[in-house]
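Trainee: Take this structure, written in structure tokens, and hold onto it; I'll ask about it next.
Each reported figure results from applying straightforward, stated rules to the coordinates on display, with no laboratory input. Quantities reported herein were computed from a predicted structural model and do not represent experimental measurements. Quick reminder, even Gly has a Cβ in these numbers, built from the backbone with ideal geometry, and neighbours come from all protein chains shown.
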Amino acid sequence: MDRVTKAYLDAFRDEQSIERLSESDAFELFADYCVVSDSYDDEFNVTDVHTGGGDDLGIDGIGVIVNGGLINSGEDMEGLLKLNGSLDVTFCFIQAKTTSGFSGEQIMTFFDGVDEFFAESATLPMNDSVAQAHNLMQEIYDNSLRFRRAKPQCRLSYVTTGQWTSDQYLEAKIAKRVAQLKSTGLFSEVTFHPMGADEVHASYLRSKNSVTTEFSFSSKVLLPDIAGVTESYLGVISAPEFIKILSDSAGNIRKSLFNDNVRDFQEYNSVNADIQRTLTDDSAKGRFVVLNNGVTIVARELTTTRDKVAITDYQIVNGCQTSHVLFDQQEHLTEQVQVPLKIVATQDEDVVNSIITATNRQTQVTNEDLYALGTFAKKLEGFLSSYSDDQRLHYERRSKQYNAVSGIKKVRIITKSQQIRSFAAMFLDEPHRSISYYADLQTQVGSRIFNDGHKLDPYYVSAYAHFKLEFLFRSGGVPVKYKPARYHLLMALRYIAGGLEMPALSANKIEKYCSGICEVLWDNTRAADAFLQAADAVEQARNGTPLTLDIAKTRTFTDSLKQKLGAQSSQPPSRS
């Protein structure tokens, strides 16, 4: 392994707290992270996509991206179906070798594993991680009538520490295997990516940088000076140029651009269907610019060079529906289709929140929705980062917002998904929903979750407990066999460290209750002991049945665990 690759790997091991792993095992996780990051902008737990080990079909990582989200269960897919009404799927497969060469035999074994993964009747043994991804794949194809634009994409990445050089014989064999996979009729596209040291370095650096896009915006007007705004423009942009703003390096829509939107894409409701009809009608598409309210973008950085505009760390705060329909109807877009566009460059979060609030007032949006996205998230970010040193966490309101901040470990970054799941598991007694029903939990934002009246302490405690448990899994303090019940361990930890009687989430007493749990979590020895006690309770609750995700997803298992902990399963703690 060359010095540059080793330096990147060492940095990755430090930020992921996996220093104890062997170099080869750490490189597998490093390769998984780099490859998946090229297709997914948000932070994610790299151990959730890692599949390497025995019975892995020769596959070290599997990432399943559905509608722009990285998911690992059929229930998450069903939630996205309920939310969006359709599926847009990408399968990412990774094989990593610390050797410098590209072995034709090992590459063919990699293809064999992917073939077996998609086989109608798989016969080879699969470990739990591969089997979980395999079950998700089967559920996706069971819903193939709901594929949005096309069949799923399949991407294979073979990663080494060497340099890829053209080998006509090996390239011919690879092309044959790619064609073989494509002939199954399961995919719209199959690609094979050989990644040597240079490609890995570039991928890792991309994962560290904020999203930046350059496009042509000639029909624009510079707006007058505005307090709190660095620069702002109003104008129209051709639809093909606008697609550049939406697309990632793999040609997919960047779902992270819509994190500040209150509503996700609503599929082809009456309004979106009208947009579609306009774009597909050659005689009407020229009128799009006067029929559509347009798109508003907020960027942290903006530079202009004549007609070219470059924006960095940006969000589409209004125009989510328009953006998705345009992306979905790319084959009908020409220069004739012009999109009204407003770009505002600002570092002032109050300005950002006011723009989000003002632009979304045009739709059916509640105060709770806006609060959950704006003020509450901002307060939570400040609260988590207000703790000192080893007690500090960082709530990620925007995709990659901490990438340019030195000294922050990835494991201490808490995403919205992680915060909602851990809070619901630990303080709402719903670990089974945290595993698989994230879409349902999202509907509770503004009421049972991210409620204006809630104290912030429970959110910090649940986030820190999530961080500590992941640390213990990686360091060996808690056996990884308990990962299927990770959210049940969080709930059990609260009962063990805090006691059975939990104050209301809005009461002043909840602060003292959470303080007692923090004292346990902040002490590595006491935290490990408490989580091991939680694991013992899980052992009793499973009552000899295998601890699988299917068991952990059930309300029955949650109730059984609560009974073992001495709680009343029929009466969850006060939540208001």
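Trainee: Please grab the % of Cα pairs in region 371-564 that end up more than 29 Å from each other.
Mentor: Numbers: 3337 of 18721 pairs.
When all Cα pairs of region 371-564 are counted, 18 percent exceed 29 Å.
Trainee: With a sphere of radius 13 Å drawn around the Cβ of Ile140, what net charge do the other residues whose Cβ falls strictly inside it have (Lys, Arg +1; Asp, Glu -1)?
Mentor: Working: positive: Arg146, Arg148, Lys151; negative: Glu75, Asp76, Glu78, Asp88, Glu139, Asp142.
Combined, the nearby Lys, Arg, Asp and Glu give -3.
Trainee: For Tyr387, which sequence-distant residues (separation of 5 or more, or a different chain) have an amide H within less than 5 Å of its own amide H, given hydrogens modelled in the peptide plane?
Mentor: Leu393
Trainee: Could you work out the mean projected area of the convex hull around the alpha carbons of the chain, in square nanometres to one decimal? Walk me through the numbers before you get to the answer.
Mentor: Details: hull surface 108.2 nm².
In nm², the orientation-averaged hull projection of the chain is 27.1.
Trainee: Hey, with R₀ at 60 Å, roughly what FRET efficiency would Thr47 and Ser283 work out to, going by the Cβ-Cβ distance, to 0.05?
Mentor: On the way: r = 54 Å, r/R0 = 0.90.
For Thr47 and Ser283, the calculated efficiency is 0.65.
Trainee: Related question: Return the subset of Lys6/Lys244; Lys208/Lys379; Lys255/Lys409; Lys176/Lys244; Lys182/Lys208 for which the Cα-Cα distance in this structure is over 27 Å, preserving the input order. Write out the running numbers ahead of the final one.
Mentor: Details: Lys6/Lys244 34 Å; Lys208/Lys379 25 Å; Lys255/Lys409 24 Å; Lys176/Lys244 32 Å; Lys182/Lys208 33 Å.
Over 27 Å apart, Cα to Cα: Lys6/Lys244; Lys176/Lys244; Lys182/Lys208.
Trainee: A further question follows. Using a 10 Å cut-off around each Cβ, can you sort Met77, Met137 from fewest to most neighbouring Cβ atoms?
Mentor: Numbers: Met77 25, Met137 19.
Lowest count first: Met137, Met77.
Trainee: Here's a follow-up. Which log10 I(q)/I(0) values does region 1-112 give at q = 0.13, 0.20, 0.22, 0.23 Å⁻¹ under the Debye formula, counting every alpha carbon as one identical point scatterer?
Mentor: Values returned for q = 0.13, 0.20, 0.22, 0.23 Å⁻¹ are -0.56, -1.11, -1.25, -1.31.
Trainee: How far apart, in nm, are two points set 7 Å out from the Cα along the Cα-to-Cβ line at Lys379 and at Lys244?
Mentor: It is 4.2 nm.
Trainee: Rg to Rh ratio, region 457-507, alpha-carbon atoms and Kirkwood radius? Walk me through the numbers before you get to the answer.
Mentor: On the way: Rg = 12.0 Å, Rh = 11.8 Å.
So for region 457-507, dividing Rg by the Kirkwood Rh gives 1.02.
Trainee: DSSP loop (so not H, G, I, E, B), at most 14 other Cβ within 10 Å: list which GluC sites (Glu not before Pro) in region 482-549 pass both filters. Could you put the intermediate results ahead of the total?
Mentor: Details: sites: Glu501, Glu511, Glu519, Glu539; in loops: Glu501.
The qualifying sites are Glu501.
Trainee: Given 37 °C and 0.692 mPa s, compute D for region 264-334 with the Stokes-Einstein relation, Rh being the Kirkwood radius over Cα pairs; round to the nearest whole µm²/s. Provide the component values of the computation, followed by the final result.
Mentor: Details: Rh = 13.6 Å.
My calculation gives 242 µm²/s for D.
Trainee: Convert each backbone phi in region 62-70 into a coupling constant with the Karplus relation 6.51 cos²θ - 1.76 cosθ + 1.60 (shift: θ = phi - 60°), then list the ³J(HN,Hα) values in order as whole Hz, x for Gly and Pro.
Mentor: 9, x, 10, 10, 10, 6, x, x, 8
Trainee: Just tell me, in residue order, which DSSP H segments of the chain are both 20 angstrom or longer along the helix axis (alpha-carbon based) and at least -1.0 in mean Kyte-Doolittle hydropathy.
Mentor: Span-like helices, by this rule, are 23-37, 104-118, 128-142, 168-182, 457-475, 524-542.
Trainee: Test of understanding: what is the full-extension gain from Glu139 to Ser100, defined as 0.36 nm times their sequence separation minus their Cα-Cα distance?
Mentor: 10.3 nm
Trainee: State the three equivalent ellipsoid semi-axes of region 212-365, derived from the C-alpha gyration tensor as the square roots of 5 times its eigenvalues, in descending order and whole Å. Walk me through the intermediate numbers first.
Mentor: Numbers: eigenvalues 112, 65, 43 Å².
So the equivalent ellipsoid measures 24, 18, 15 Å along its semi-axes.
Trainee: Shifting gears a bit: Calculate, in nm to one decimal, what Ser354 and Ala507 gain on full extension: separation in residues at 0.36 nm each, minus their alpha carbon distance. Mind showing how you got there, number by number?
Mentor: Details: separation 153, 0.36 × 153 = 55.08 nm, distance 2.96 nm.
Additional length available on full extension: 52.1 nm.
Trainee: Starting from the alpha-carbon convex hull of region 178-272, give the projected area averaged over all orientations, in nm². Don't skip to the end; give the middle numbers.
Mentor: Working: hull surface 43.9 nm².
So the Cα hull casts an average projection of 11.0 nm².
Trainee: Within the set of other residues whose C-beta is less than 14 Å from the C-beta of Gln153, count the net charge using Lys and Arg as +1 and Asp and Glu as -1. Mind showing how you got there, number by number?
Mentor: Working: positive: Arg148, Arg149, Lys151, Arg155, Lys182; negative: Asp38, Asp88, Glu189, Asp248.
For residues surrounding Gln153, the net value is +1.
Trainee: Same structure again: Pairwise over distinct Cα atoms, reciprocal of the mean inverse distance: report the Kirkwood radius of region 3-208 in Å, one decimal place.
Mentor: On the way: mean 1/r = 0.0574 Å⁻¹.
So the Kirkwood estimate lands at 17.4 Å.
Trainee: Separate question: Counting only residues 5 or more places away or on other chains, whose amide H sits under 5 Å from the amide H of Phe147 once H atoms are built in the peptide plane?
Mentor: It is Leu87, by chain and number.
Trainee: Which FRET efficiency value, to the nearest 0.05, is calculated for Ala310 and Gln336 with the Förster distance at 30 angstrom and r the Cβ-Cβ distance? Please list the in-between numbers first.
Mentor: Working: r = 26 Å, r/R0 = 0.85.
Efficiency, from the Cβ-Cβ distance: 0.70.
Trainee: Return the percentage of antiparallel bridges among DSSP beta bridges fully within the chain, rounded to the nearest 5 %.
Mentor: Details: 37 of 60 bridges.
If I count the DSSP bridges inside the chain, around 60 percent turn out antiparallel.
Trainee: Next up: Under a Cβ-Cβ cut-off of 13 Å, what is the net charge of the residues other than Leu223 that fall near it, where Lys and Arg count +1 and Asp and Glu count -1?
Mentor: Neighbourhood net charge equals 0.
Trainee: Now for a separate question. For the chain, build the charge dipole from Cβ charges (+1 Lys, Arg; -1 Asp, Glu) around the Cα centre, then report which of Thr443, Tyr268, Val298 sits farthest towards its positive end.
Mentor: Checking the options against the dipole of the chain, the answer is Thr443.
Trainee: For the chain, what does -39500 (n - 2.57) per DSSP helix run (n ≥ 4), summed and divided by total residues, give at 222 nm, in deg cm²/dmol to the nearest 500?
Mentor: Details: 23 runs with 258 residues, N = 576.
Only helices count here, giving -13500 deg cm²/dmol.
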